[in-house]
Each structure stands twice: as C-alpha cells, then as structure tokens.
Amino acid sequence: MTADAFLFWFLAALTIVSALSVVLMTNPIYSALSLAMTMVSVAAIFVTLQAYFLAGVQIIVYAGAVMVLFVMVLMLFDLKHELQAFTRGRFSGAFKIASIGSLAGLLVGAMYTANVLTVPEAASVANTTPKGAITPLAEELFLRNVFGFEALGVLLLVIAVGTVALSRSKGGTHARH
C-alpha cells in the first residue's frame with residue numbers, strides 16, 4: 001500500500017468515525033466538536049486530492065463560520081433540562097440503528113451506481129479545464145474585496161460577544177442566580 005493510499009484510507013476512517021460520533025454523542029458540545037473534526041478531515045481529503053481551493057472553503061465556511069453558529073446557538077439554550085430529551089430508549093436506539101442502516105444502504109447503492117454507470121464525457125471535460133481558472137476569482141475575492149471579509153469577521157466577533165453577554169445577563173438562560 002502506498003503512502004497516498006494509506007493517508008486516504010486513514011482520513012476516510014477518521015471522517016466516518018467523527019461523523020458517527022456526531023450522531024451518537026449525547027452531549028451537544030461534544031457533538032459539535034465531532035462535527036468540526038468531520039469538516040477538518042474532509043478538508044484534509046480535499047488537500048490529498050490537490051483541491052486546495054475546496055479545502056480552504058471547507059475550513060473557512062463549514063469548520064469556521066457554521067461551527068461558530070452552532071456553538072452560539074448551543075450557548076443560548078439551557079441544556080441542563082434538555083438532557084432528558086436525549087435519553088437512550090428503545091425507540092430512539094432503534095431509530096438510530098435504522099437511520100445508520102438506511103444511510104449505509106444509500107452509500108453502497110451510490111458506490112455501485114458510480115462503478116456501473118461511468119460517464120466518459122465528464123473525464124474529457126475535466127481534462128480541458130484550464131488550471132488557472134480559479135486565479136481570477138481568488139484575486140477578485142481576496143485582493144479587491146478584502147474589506148468585506150474583514151468587516152464580516154468583525155461582525156461575527158461582535159455577534160459572538162453579544163450572544164455571550166445576553167445569555168449571561170439577568171433573565172438570560174445562563175444567568176447567575
């Protein structure tokens with residue numbers, strides 16, 4: 001087994017384990033951290049495929065912004081009383097197993113379909129795409145419109161600080177009584 005194949009299978013296993021732990025963890029904070037690990041490992045798979053732009057977008061958008069949004073929403077709720085809703089009963093355990101089984105069946109069916117139905121036109125289109133096609137987009141986004149990205153970052157920071165302040169204030173969900 002080559003190093004590239006070993007790295008791919010290691011990252012694929014890490015992605016699957018962290019994705020399963022998103023569903024199976026009872027603590028929502030641990031589940032959110034597992035989701036962040038899933039996003040980072042998917043970005044690492046993109047890096048091994050030399051899709052650096054997709055890896056960067058995966059990290060910035062999903063592992064960054066979406067995870068900040070999830071954690072801020074989790075901070076607003078009082079999770080001490082919500083833990084009873086996530087107890088392990090017979091119905092919820094059977095539902096989780098049925099969901100994982102159906103998703104595994106869909107994955108196997110998609111892999112079978114992908115191997116059986118190959119599209120030769122897609123390979124010829126991919127080979128004719130110029131390698132520098134993303135350069136003008138990157139220059140437009142990161143050189144000419146960098147102020148918008150910085151302003152958005154400051155805005156997200158203000159939202160996060162405001163969320164924490166509101167949740168800790170008198171009458172908030174995490175107020176000190």
- Message: Any residue at all in segment 77-84 that's surrounded by fewer than 13 Cβ atoms within 10 Å (Cβ to Cβ), part of a helix (DSSP H, G or I) and modelled with pLDDT of 75 or more?
- Response: no
- Query: Do you know which residues across segment 1-42 are under 24 Å from Val73 (Cα atoms) and touching a residue at least 40 places away in the same chain (Cβ under 8 Å)?
  - Reply: Leu20, Val23, Leu24, Thr26, Pro28, Ile29, Ala32
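Is it true that Val73 is modelled with pLDDT of 80 or more, surrounded by fewer than 16 Cβ atoms within 10 Å (Cβ to Cβ) and either closer than 30 Å to Gly162 by Cβ or aliphatic (A, V, I, L, M) (or both)?
In short, no.
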- Query: Given the conditions (1) surrounded by fewer than 17 Cβ atoms within 10 Å (Cβ to Cβ); (2) within 24 Å of Gly101 (Cβ to Cβ); (3) not β-branched (Val, Ile, Thr), which single one is not true for Met1?
  - Reply: (2)
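The values are calculated or read from the model by the stated rules, or taken from the named source; none is laboratory data. The shown structure was predicted, so the numbers you read here are calculated from the model rather than taken from an experiment. Every residue, glycine as well, gets a Cβ built from its backbone with ideal geometry; the counts of neighbours run over all protein chains shown.
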